[in-house]
Amino acid sequence: MNIEILSVSELTLQIKSGLETLFPQVKIKGEISNFKRHSSGHSYLTLKDEGAQIAAVIWKTTGSRLAVALRDGMNVVAEGRLEVYPPSGRYQLICTSVTEAGQGALQQAYAELLQKLAKAGYFSAERKRAIPEIPETIGLVTSPTGAVIEDMSNVLERRFPAAKVLLYPVSVQGANAAEAVASGIAYFNNTKKISHRPEVIIIARGGGSLEDLQAFNGELVANAIYHSALPVISAIGHETDLTIADMVADLRAGTPSIAAELAVPDTQELLRHIDNLQSRRESLLLGKLEGADRHVYSICSSYAFNRPLLQMQQFDDRLNSLVDQMGRTIKSGYSEKVQRYASVCQQLTLLDYRKTLERGYVLVKKDGKFITSAKKLHPLDNIEVLFHDGDHSAVISNEKRP
């Protein structure tokens, strides 16, 4: 049997080609040891378990994207490709990602649920409810102990002490945490006690690892928030933590303290706003009154408004003028009539036959008629002789005068 003689380099290259082809992508779980970060930014370490170990390299660009700070003794899951390094004749894992052990499965479950809920519309902005501006009652679903409840209580007391706070105590970590949080949300939605029904619910807990926040990354709490008739504010972990509960909630707060600030208005700011509204209302009212006063003055000063008064004044002046004119006309007519009457009387006086009779003349009447000719008288006719101061009867004589 003839065996080909290979050089060390040839054998190493064959091993490199076969090994790298056989394992282009692998995931390895192990404990970190001999971790070193080079000045270049690359990191070198060994992954080991009870029976073996393997060298690993994390290039600078990959290391800058890691979400965890690596250290000796940490159990991790490293993903990458195998590579043979010919100068040293050893193989090593070139890491493309490194996560803490246990987080890989959680992250996969997180990603799958995230995709499922997104398709169902759980994260849609259109379905999110508005947070009341001035809630009278706030429901808290959180742990009754620790800094979270204390910090939130301090913020609520400082900003809006008028609000009533109802605490539904729950465990925010562990096997039964998700059920407890979902029960708290359901209680505030379904309680028959009006005094126990808030206008807004806050679910909160402090920061922690992915395992610590698992209760808020599950479908149970997501469903409870989604089906809640009351708006929900979610404040899970720190600013950098983002859970599924945060994304389903109507409002996400970076921290529990921020959630308390978002849930209620600032009393001092509210009072200032009320003062501003009061001042604005007074200014608007005063402006309206002044405007109405100017409008009334304009109307009262207008020709259209004053025309009836002016016409009445003109009619009154005209009436007085007509009365005066009529009085003058009547007086003038009366004087004229008096003068005419006097003139007529004077004329009549001059024409009065009695004036003639006073001068020695007489009137003769026969049978009630005046006699104007002697020929109409005959002897023995009875006549009536009228003097200026009386009359006498007479008889015409038979004697004729020579």
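The values are calculated or read from the model by the stated rules, or taken from the named source; none is laboratory data. Predicted model only: the values in this text are computed from it and were never measured. FYI the Cβ positions are ideal-geometry reconstructions off the backbone, even for glycines, and counts take in every protein chain you see.
Results, tabulated for the structure shown:
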read-out	value
Qualifying residues in the stretch 198-244 (those that are touching a residue at least 40 places away in the same chain (Cβ under 8 Å) and polar (S, T, N, Q)) - the one farthest from Leu117 (Cα to Cα)	Ser209
Residue that is surrounded by the fewest Cβ atoms within 10 Å (Cβ to Cβ), among those in the stretch 79-93 that are small (Gly, Ala, Ser) and at pLDDT below 90	Ser88
Scope the stretch 337-365; condition in contact (Cβ under 8 Å) with a residue 24 or more places away in the chain and exposed (fewer than 10 other Cβ atoms within 10 Å of the Cβ); matching residues	none
In the stretch 189-224, the residues that are outside any loop (DSSP other than H, G, I, E, B) and touching an Asp or Glu at 6+ places or on another chain (Cβ under 8 Å)	Phe216, Leu220
Some residue of the stretch 377-393 being of a type in the set (Ser, Thr, Tyr) and surrounded by fewer than 11 Cβ atoms within 10 Å (Cβ to Cβ)	yes
Count of residues meeting criterion [more than 36 Å from the chain's Cα centre (by Cα), buried (at least 16 other Cβ atoms within 10 Å of the Cβ) and not hydrophobic (A, V, I, L, M, F, W, C)] in the stretch 168-192	3
Residue match in the stretch 67-77 (condition: exposed (fewer than 15 other Cβ atoms within 10 Å of the Cβ) and on the phi > 0 side of the Ramachandran plot)	yes
Residue in the stretch 52-62 that is touching a His at 6+ places or on another chain (Cβ under 8 Å), in a loop (DSSP other than H, G, I, E, B) and of a type outside the set (Ser, Thr, Tyr) present	yes
